[in-house]
Amino acid sequence: MKKSIIIVLLLCGVLAQAQNKKWTLKECVEYALENNISVKQSELDIQTSELTKKDAIGNFLPTLNASSGLSWSIGLNQDPVTFNAINSTTRNINGGVSSSIDIYGGLSNVNELRRSNLQILSSQYQLDNMKDNISLNVANAFVQILFNKEQLKVTLAQKEVTKQDIERTAELVEAGSLPRGDLYEIQATLASQEQLVVNAENAILLSKISLAQLLLLKDYENFDIADFDYDVPPTNILNETPQTVFEKAKEARYDIKIAQNNTEIAEYDLKIAKASLQPTLTGSYSFSTNYFTSQLFDTPNFETQISDNKSHNFFLSLSIPIFNGFSVSNNVKRNKVNLERTKFQLEQTELDLETNVYQAFNDAKGALKAYEAAQKTLIAREEAFNYSQERYNVGLLNSFDFNQSKNSLEASQSEVVRTKYDYIFKLKVLEFYFGMPVSE
């Protein structure tokens, strides 16, 4: 009985711990990459490409086939001595093996194998590129939760300050230093802030659901991220030039590698198509033997016939393409067009990457300046609010002007939070192009 109670308590503890789990960014990224359906499908594409390579290797090997047959003939047959038709039974058993191999086919087999190696590499690049994009999306959703949580903290802190202001204003109203309308004004401000708290809580819930959906988690209500104090990370990347980041991105980004690989694949497709214009030489060999019995005359025994009836056949087949209704030549032309298309796609991919890198660099730099400016504004607003509060407490400032100062302070506090996480994410994007993992 005691053991059962202990087991139940342990299970409850494990379940409670699972429900209270708070995810770090690294855990979110790792889980998303492990469970994402598109990633799993892309992994299957790699397996398919590997099978295609095995097919290409198999084209170098000879084929080998075996055959056998057994036949009976029952009925009228001609006697070889009297030439009379008599009822008799004959039986024939035959068997053999055959093999063939492509000796020359315009090097198509060699090019097919090289193309299959590139196809495996392309599938791997596609998978890695997908993982990078998923990681960036997860990081974006994660940072959005951080922003919403900190925004809620700011809103709650503002609400507490307003409560304190209500108490002080009530005292001043009772003392006759301020009109009762000032108290009503601040109470209305508190009601508005309570609505902002509800909105902030809803924003947190929606952002949690968004990230949980990216992770394919169904337990949205119990999902949460780790409540660490995420400060602005130190970085030297903004000391680099945009061109330096672009050159690094060309080496690190998989979309460039995919485009380069596709161009090489198109080159081999053209070589394979041109191989159809060349002669092909095939060699083959076959071996056969048979065993025959008849009631009309005596036949040698099985071993003797199998040995005496052996037949070896060797073949060389040369095929020279002369005219095939333009299909071969048109296929070559199509592959030439496709090769040019992939070259343009590579060039366009590089241009797009350069644009994105310069945009990301300027966005990160602008976000940093906005964050620094917001911090300076907040310091000034805090000093202005403290001065306004001192004047308000002694009745030298009306409630309207005091609320204006308070609203300006609250707006500055929210702006610092917004610009902070906007900078953090834009910095992550820039580091992403620089080849740095977004989960760190």
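Laid out as a table, the results:
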{"quantity": "Check on F246, in a helix (DSSP H, G or I) and either in the same structural domain as I120 (by TED's automatic domain parsing) or surrounded by fewer than 15 Cβ atoms within 10 Å (Cβ to Cβ) (or both)", "calculated": "yes"}
{"quantity": "Unmet requirement for Q151, which otherwise passes all of (1) outside the structural domain of L33 (by TED's automatic domain parsing); (2) closer than 30 Å to I256 by Cα", "calculated": "(2)"}
{"quantity": "Meets criteria (buried (at least 18 other Cβ atoms within 10 Å of the Cβ) and modelled with pLDDT of 95 or more) for V357", "calculated": "yes"}
{"quantity": "Given (1) over 30 Å from N324 (Cβ atoms); (2) touching a residue at least 60 places away in the same chain (Cβ under 8 Å); (3) part of a loop (DSSP other than H, G, I, E, B), index of the condition D231 fails", "calculated": "(2)"}
{"quantity": "Members of region 208-224 that are closer than 11 Å to N36 by Cα and assigned to a helix (DSSP H, G or I)", "calculated": "Q213, L214"}
{"quantity": "Single residue of S319, S284, S276 found to be touching a Gly at 6+ places or on another chain (Cβ under 9 Å) and either under 30 Å from G95 (Cα atoms) or surrounded by 13 or more Cβ atoms within 10 Å (Cβ to Cβ) (or both)", "calculated": "S276"}
{"quantity": "Qualifying positions in region 186-227 - out of contact with any helix residue (DSSP H, G or I) (no Cβ under 6 Å at 6 or more places or on another chain) and among the aliphatic types (A, V, I, L, M)", "calculated": "A188, A191, V198, L205, L206, I209, A212, L217, A226"}
{"quantity": "Residues being more than 27 Å from the chain's Cα centre (by Cα), among the small types (G, A, S) and part of a helix (DSSP H, G or I) - total across region 249-283", "calculated": "2"}
{"quantity": "Test: residue in region 381-388 that is over 17 Å from T189 (Cβ atoms), among the charged types (D, E, K, R) and surrounded by 14 or more Cβ atoms within 10 Å (Cβ to Cβ)", "calculated": "no"}
{"quantity": "Cβ pairs under 7 Å, 6+ apart, first in region 126-137 and in contact (Cβ under 8 Å) with a residue 60 or more places away in the chain, second part of a helix (DSSP H, G or I) and acidic (D, E)", "calculated": "Q126/D45; L127/E43; N129/D255"}
{"quantity": "Some residue of region 159-176 being crowded, with 19+ Cβ neighbours inside 10 Å, in the same structural domain as Q413 (by TED's automatic domain parsing) and among the hydroxyl-bearing types (S, T, Y)", "calculated": "no"}
{"quantity": "Candidates L353, L396, L378 - the one that is of a type in the set (A, V, I, L, M, F, W, C) and under 28 Å from L33 (Cβ atoms)", "calculated": "L353"}
{"quantity": "Set K333, K343, K376, K365: member being basic (K, R) and in contact with a Ser or Thr (Cβ under 7 Å, 6 or more places away or on another chain)", "calculated": "K343"}
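Listed here are the residues, each with its yes/no results for (1) touching a residue at least 40 places away in the same chain (Cβ under 8 Å); (2) in contact with a Ser or Thr (Cβ under 7 Å, 6 or more places away or on another chain).
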| site | (1), (2) |
| --- | --- |
| E194 | no, no |
| A203 | yes, no |
| Y220 | no, no |
| T235 | yes, no |
| F246 | yes, no |
| I258 | yes, yes |
| N262 | yes, yes |
| Y268 | yes, no |
| T282 | yes, yes |
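The values are calculated or read from the model by the stated rules, or taken from the named source; none is laboratory data. Not measured: the values here are computed from a predicted model. Ideal geometry is used to build each Cβ from the backbone, glycine not excepted, and the neighbour counts take in all protein chains shown.
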